[in-house]
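Encoded as structure tokens, the structure appears first; notes follow it.
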Amino acid sequence: MFVFLLILTVFHCSVSETLFGTQTFRTSLSTQTDLLQKLHVQIVRYLVSWNQLEFHGKSQYQTWYLSNMNKDIQALTQLNIKIILQMAQTPCWASTTPNCSQLYYRPKNYSDYADTLSFLLQRYGNNIYAWEIWNEPNMKHSWLRPECQSNEGVCPRPVTMNDEWMDFIDLIAAREYTEMVKITSEKMKSISSNVIILAGSLAGSDVEYLNEMYRSGIKSYYDGLAMHPYTSSYPPGTSQYGKEYGPEECFLETRASNFWCFKTGVEKIRNYMVEQQNETTKSIWFTEFGFSSFTGWFGAGLQGQADHLQQAIHIIQTEWSSFIHAACVYEFSDGDLIDNREGYFGLLYRNFTMKPSGLVFMNRNSSTSNCTICL
């Protein structure tokens, strides 16, 4: 078994240049090292299923799962690719769920989640660059709660504070999530004071949820804000109705514009952090962003995906390099046999050949700039 040592390293600089990368849950990255190098990937968001890792009970870590992690983390480390480790999916023994097939009910004890990430920290040390707490907890299906069991665990935010599809969870969940971050951060920083904790993992520009996190005392418990700035589709009455719109577009007459606009949404979050919370030195990490090449509903098409990605990268590099630390494209390759928008976010086709968006990512400008934000 590959053994990792805990080596404590001080991370002095949050932003020198934005680190560009990707994520995947469709293939083992240890088998794709040539393509990762070809794409000039600098950072990878690595997804860990808590449910699979610790399926049978507390501290009963599955050896097959750890073996696969060893291979991937060793391969990425040897390529000098930085790793953001993100963990979600509650195992049944740790969950508040009445139905063990549901993996996104909140944990019964947040300390269980903290203990598992702390185990991984002690195992892999600074082979992991940053640690992301959960995935999109502001979305109604990503943080299910037993109080809403009659609604299958979904606790939606009121209509006046939501988008057209009622995607977002109530703000009680923000207080619960913040408590889990605080417990996890304290535990991990007691092991390594320099560990980088990413909180939020916010879908869209959800200022209300972020504000509730601050009201619940998140400020001193995290080092970077994880964010997923996706866009929505052109609204009725527009010539491209139903197509995914680009990073510089926003339709203020729609409720979706409160959440699903790239440029204006990111700047809204950044302005809130600086102006309302005086977070002038805390960076934002795009642990997911991207566009779909799907030609049907809510897709941009093959060339549209590439054009949107090129525009987004240009904005990040020319306007936001002082506060965007990492930008991980969702995702590495298209999904297997998924014939909808979700299956076509890849930089590569399903057979791992290059898409136009992959060429855009590979040929991005990689010039550096001076560090302006420090942790």
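If you go through region 42-74 and keep only what is of a type in the set (Val, Ile, Thr) and outside any strand (DSSP E or B), you end up with Thr63, Ile73. Based on what the data block shows, is Tyr124 of a type in the set (Phe, Trp, Tyr) and within 20 Å of Leu66 (Cβ to Cβ)? So Tyr124 passes the test. Flag: Ala173 matches the condition of being touching a residue at least 12 places away in the same chain (Cβ under 8 Å), assigned to a helix (DSSP H, G or I), crowded, with 17+ Cβ neighbours inside 10 Å and small (Gly, Ala, Ser).
Evaluate region 189-200: report whether one residue or more is assigned to a helix (DSSP H, G or I) and touching a residue at least 40 places away in the same chain (Cβ under 8 Å). Checked region 189-200: at least one residue is assigned to a helix (DSSP H, G or I) and touching a residue at least 40 places away in the same chain (Cβ under 8 Å). Filter region 7-41 down to residues that are modelled with pLDDT of 85 or more and touching a Gly at 6+ places or on another chain (Cβ under 8 Å) and give me whichever is nearest to Ser322 (Cα to Cα). My answer is Val41. Could you run through region 115-170 and say how many residues are within 17 Å of Trp260 (Cβ to Cβ), in a helix (DSSP H, G or I) and in contact with a Phe, Trp or Tyr (Cβ under 7 Å, 6 or more places away or on another chain)? Final tally of qualifying residues: 0. Which count do you get for residues in region 332-358 that are surrounded by 21 or more Cβ atoms within 10 Å (Cβ to Cβ) and within 15 Å of Ala312 (Cβ to Cβ)? Count: 4. In region 16-47, of all residues being among the hydrophobic types (A, V, I, L, M, F, W, C) and within 18 Å of the chain's Cα centre (by Cα), the one that is farthest from Ser357 (Cα to Cα) corresponds to Leu47.
Within region 89-112, residues that are farther than 20 Å from Leu47 by Cβ reach partners that are charged (D, E, K, R) and assigned to a loop (DSSP other than H, G, I, E, B) with beta carbons closer than 7 Å, at six or more positions or on different chains, in the pairs Trp93/Lys58; Thr96/Arg106; Thr96/Lys108.
Which one of Phe298, Phe291, Phe259 is within 30 Å of Lys219 (Cβ to Cβ), of a type in the set (A, V, I, L, M, F, W, C) and touching a residue at least 60 places away in the same chain (Cβ under 8 Å)?
Step by step, each of Phe298, Phe291, Phe259 is checked, and only Phe259 is within 30 Å of Lys219 (Cβ to Cβ), of a type in the set (A, V, I, L, M, F, W, C) and touching a residue at least 60 places away in the same chain (Cβ under 8 Å).
Restricting Ser369, Ser322 to residues that are at pLDDT below 95, surrounded by fewer than 18 Cβ atoms within 10 Å (Cβ to Cβ) and out of contact with any Lys or Arg (no Cβ under 8 Å at 6 or more places or on another chain) narrows the list to Ser369. Of all the listed residues (Trp260, Trp285), the sole one being over 19 Å from Phe168 (Cα atoms), buried (at least 20 other Cβ atoms within 10 Å of the Cβ) and at pLDDT 95 or above is Trp285. Among the residues of region 312-349, those identified as free of Cβ contacts under 8 Å to residues at least 60 places away in the same chain and out of contact with any Phe, Trp or Tyr (no Cβ under 9 Å at 6 or more places or on another chain) are His314, Thr318, Glu319, Leu337, Tyr349.
The values are calculated or read from the model by the stated rules, or taken from the named source; none is laboratory data. This one's a predicted model, so the numbers in the text were calculated from it and none came from an experiment. A quick note on method: Cβ atoms are made from the backbone with ideal geometry, for glycine too, and the neighbour counts reach across all protein chains shown.
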